[in-house]
């Protein structure tokens, strides 16, 4: 069974632009969570989606948003990029909200210049 | 709110020596605890998990962790370090046991393990 895939793997954007990152969960998994990893703040929870609905949200500004499609694939969007948004963005999938195990993708490395 | 604290941002051991990475948790309910490993330029790989079934948990690559409620600890150990163990290790607690549940993980700050010849 294929693992969690994230596209693109690397991305360079300019301040003020917006970006969309994509995550395809493991086949059959319906819950998708997103995390931001930076050297300064470590790993921080962004949001969790299940059945196309956002179920939980971390402490991030409204510039960070996401969605989930009927096939469980998820996207996250960051608008008006700031230098501090440079990070590794990790997606994790789980069969459902009653399954505590999460499986992570390789991440998307976003660099904002 | 749940949290985990990892003592020691960097740990260095000799190849063949014992690996001990420390994690203490804070939780108002019986916790669901995890250890993940991250190799350079990669995502997180689950090493092992504690879900109240057994206090000594065995994971992949020879790692194990012991849940000690009295010490609120979940330290990760490996009897004999190998060069391939060099990576960053993260302890995490899940919201799974909380009312409302969910899959949110709260991570510690990580411990970089260096293995020397």
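The values are calculated or read from the model by the stated rules, or taken from the named source; none is laboratory data. Keep in mind it's a predicted model, so treat the numbers as computed, not measured. Glycine gets a Cβ as well: all are built from the backbone with ideal geometry, and neighbour counts include every protein chain shown.
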As an exercise: evaluate residue A:37 against (1) crowded, with 19+ Cβ neighbours inside 10 Å; (2) more than 17 Å from residue A:22 (Cβ to Cβ); (3) facing chain B (nearest Cβ under 8 Å) and give the number of the one condition it does not meet. (3)
Does residue B:117 count as in contact (Cβ under 8 Å) with a residue 12 or more places away in the chain, surrounded by 12 or more Cβ atoms within 10 Å (Cβ to Cβ) and either farther than 21 Å from residue A:103 by Cα or facing another protein chain (nearest Cβ under 10 Å) (or both)? no
Could you run through the range B:92-105 and say how many residues are touching a residue at least 12 places away in the same chain (Cβ under 8 Å), in contact with a strand residue (DSSP E or B) (Cβ under 8 Å, 6 or more places away or on another chain) and facing another protein chain (nearest Cβ under 7 Å)? 2
Just one of A:80, A:111 is modelled with pLDDT of 95 or more, within 14 Å of chain B (Cβ to nearest Cβ), farther than 20 Å from residue B:103 by Cα and over 11 Å from the mean Cα position of the chain (by Cα); which is it? A:111
